[in-house]
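The values are calculated or read from the model by the stated rules, or taken from the named source; none is laboratory data. Worth saying up front: this structure is predicted, and the values here are computed from it rather than measured. Backbone-built Cβ (ideal geometry, glycine too); neighbour counts: all protein chains shown. Accessible surface is based on the protein model in full, side chains and every heavy atom, while ligands, DNA and RNA are left aside. Shrake-Rupley method; radii C 1.70, N 1.55, O 1.52, S 1.80 Å.
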Amino acid sequence: MSEPTEFFDEQTLLEMVDNQLIDGHPLQVKATLMRLVMKGTPREEALQYIACALGAELMAMEAEQSAFNLERYAQFLDSLPEMPWAE
C-alpha cells in the first residue's frame, strides 16, 4: 500500500515560485507575473495566483502519476487570474 501524498502548503509553493523566478525557468512564470502586475494585480497576489497554478500542476502530476508537464503548467499560468481547474 502506498503512503498518502502530502501536498505542499502555501509557503512552500510560494518558495518554489520564487525559485522559478530566480532560475528564470520556466520563462512563463516571469511573463505571467509581469502580465498580472501590469494589469493591476498587486505583486504578492500575483505570486499567490502563480502558486495556485503550480499547486494545480503538482496535483495533476499526482493524479496521473506523471512527470511535470510544462505545457499544462503554462496553460494554467495563461489562464490566470481565472482558475478553471478549481471549478
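If R0 is taken as 22 Å, the Cβ-Cβ distance between GLU87 and ASP23 corresponds to a FRET efficiency of 0.10.
Estimated from helical segments only, the mean residue ellipticity of the chain at 222 nm is -21500 deg cm²/dmol, where each DSSP H run of four or more residues counts as -39500 (n - 2.57). Surface composition of the chain: carbon plus sulfur atoms contribute 55% of the solvent-accessible area (1.4 Å probe, protein chains only, all chains present). Taking all protein chains into account, the per residue accessible area for segment 16-87 stands at 61 Å² (1.4 Å probe). To the nearest ten degrees, helix 43-64 and the longest principal axis of the Cα atoms of the chain are 30 degrees apart.
Computed from the C-alpha gyration tensor, the three semi-axes of the ellipsoid equivalent to the chain are 23, 13, 12 Å, from longest to shortest.
Between GLU64 and THR12, the distance separating the two model label sites (each 7 Å from Cα on the Cα→Cβ line) works out to 2.1 nm. The value of relative contact order for the chain, using C-alpha pairs under 8 Å at least six residues apart, is 29 percent.
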